[in-house]
1. To check you understand DSSP bridge types, tell me what percent of the beta bridges within region 61-156 (both residues inside) are antiparallel, rounded to 5.
2. Filter the chymotrypsin sites (Phe, Trp or Tyr not before Pro) in region 61-101 down to the DSSP loop ones having no more than 16 other Cβ atoms within 10 Å, then list what survives.
3. Report the local net charge at LYS100: Lys and Arg +1, Asp and Glu -1, summed over other residues whose C-beta lies under 15 Å from its C-beta.
4. From the phi of every residue in region 94-110, what ³J(HN,Hα) in whole Hz does the Karplus formula 6.51 cos²θ - 1.76 cosθ + 1.60 yield, where θ is phi - 60° and glycine or proline is x?
5. What whole-number value in cubic angstrom gives the convex hull volume per residue for the C-alpha atoms of region 35-164?
6. What lysines could a cross-link reach from LYS160, if we take a straight Cα to Cα line under 25 Å and drop same-chain neighbours fewer than 8 places away?
7. Would you please name the trypsin sites (Lys or Arg not before Pro) within region 83-165 that are DSSP coil residues with at most 15 other C-beta atoms within 10 Å of their C-beta?
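Values in this text are rule-based calculations from the coordinates and carry no lab data. In this text the structure is predicted, and so the values were computed from the model without any measurement. FYI the Cβ positions are ideal-geometry reconstructions off the backbone, even for glycines, and counts take in every protein chain you see.
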Amino acid sequence: MKILHAIIFASALSLSAAPAPAAMQDGGKAPIKDVWKPAATPKGGVSWAVLEGTKEKTRKGKDGYIYSKPLFTPAVKSLAGKRIKVAGWMTPLDKGAKQKRFVLLAYPPGCPFHFHAMPNQFIEVLADIPFPTDERKVHVVSGVLELTGQDESGIFYRLKAASPS
């Protein structure tokens with residue numbers, strides 16, 4: 001098993017160290033931007049770099065599960081309870097053409113370098129106005145930021161009273 005983990009780790013390192021071929025759009029005529037970056041910060045919005053500054057303190061419970069608590073930076077703490085704007089990719093939590101509750105990811109859902117989003121790389125969104133379900137585009141969301149995770153749920157951020165911006 002250790003050998004398998006070492007092979008997977010070495011493969012991941014070699015992929016991340018190798019330069020990626022230029023992605024193409026418009027039938028291969030024009031290169032597109034690197035899609036493996038966090039969503040761009042909207043004008044007047046909060047960058048994912050700020051949110052990713054939160055560190056994670058973990059412990060292993062008696063039940064064998066790993067529990068996680070946030071260690072928020074002063075910059076993140078200053079945003080608590082304020083209406084913020086952030087951009088990201090939607091992961092729907094319900095079926096249907098519109099979503100009132102979903103997860104907003106910092107990185108595209110197909111990103112091979114962020115296969116499992118860390119707790120500082122996503123926000124649970126509770127929307128007042130339903131968003132069209134679309135996992136392929138970046139959504140700009142405005143809402144009141146709630147800092148969570150002290151219950152060791154692994155969810156650090158929640159946007160309440162959210163709406164499309």
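1. Here the share of antiparallel DSSP bridges comes out near 95 percent.
2. TYR65
3. Details: positive: LYS95, LYS98, ARG101, ARG158, LYS160; negative: ASP94, GLU124, ASP128, ASP134.
Once positives and negatives cancel, what remains is +1.
4. 10, 7, x, 6, 9, 10, 9, 9, 7, 10, 9, 9, 5, 10, x, x, x
5. Looking at region 35-164, the number lands at 113 Å³ per residue.
6. LYS43, LYS55, LYS57, LYS69, LYS77, LYS82, LYS85, LYS95, LYS98, LYS100, LYS137
7. LYS95, ARG136, LYS137
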